[in-house]
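Some notes on the structure that comes next.
The numbers here are math on the coordinates, done by the rules we state, and not lab data. Everything numeric in this text was worked out from a predicted model, so none of it was measured. We place every Cβ from the backbone using ideal geometry, glycine too, and count neighbours over all the protein chains shown.
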Amino acid sequence: MKWSHGRAGRACGDCDPRALSAVAPLVIAPHGEIAGSASALLGVFQFGVGALAGALVGMFDDGTALTMAVGLACCAVVGWVVLRTMAR
């Protein structure tokens with residue numbers, strides 16, 4: 001079975017990078033007076049989390065797709081925990 005990003009996305013609940021584009025206006029809307037700062041903060045956070053996740057996957061790379069799959073699974077678990085914590 002050949003590794004592809006399509007399979008990885010479907011394995012993680014059909015993660016779609018366009019989802020963040022749709023959520024950003026919802027996050028920024030309550031902060032209309034400082035929308036530029038809120039947008040910048042959101043972008044820095046997204047960039048930082050992506051850089052951290054990429055660095056961690058790169059540190060543990062063994063030449064197989066397993067490292068990426070474990071990284072995606074860890075990100076999914078962390079996202080679920082954050083969602084459940086913030087929803088309270």
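Could you grab me the full set of residues in region 52-74 that are in contact with a helix residue (DSSP H, G or I) (Cβ under 8 Å, 6 or more places away or on another chain) and among the acidic types (Asp, Glu)?
61
Within region 46-77, can you find the residues that are surrounded by 11 or more Cβ atoms within 10 Å (Cβ to Cβ) and within 16 Å of residue 23 (Cα to Cα)?
46
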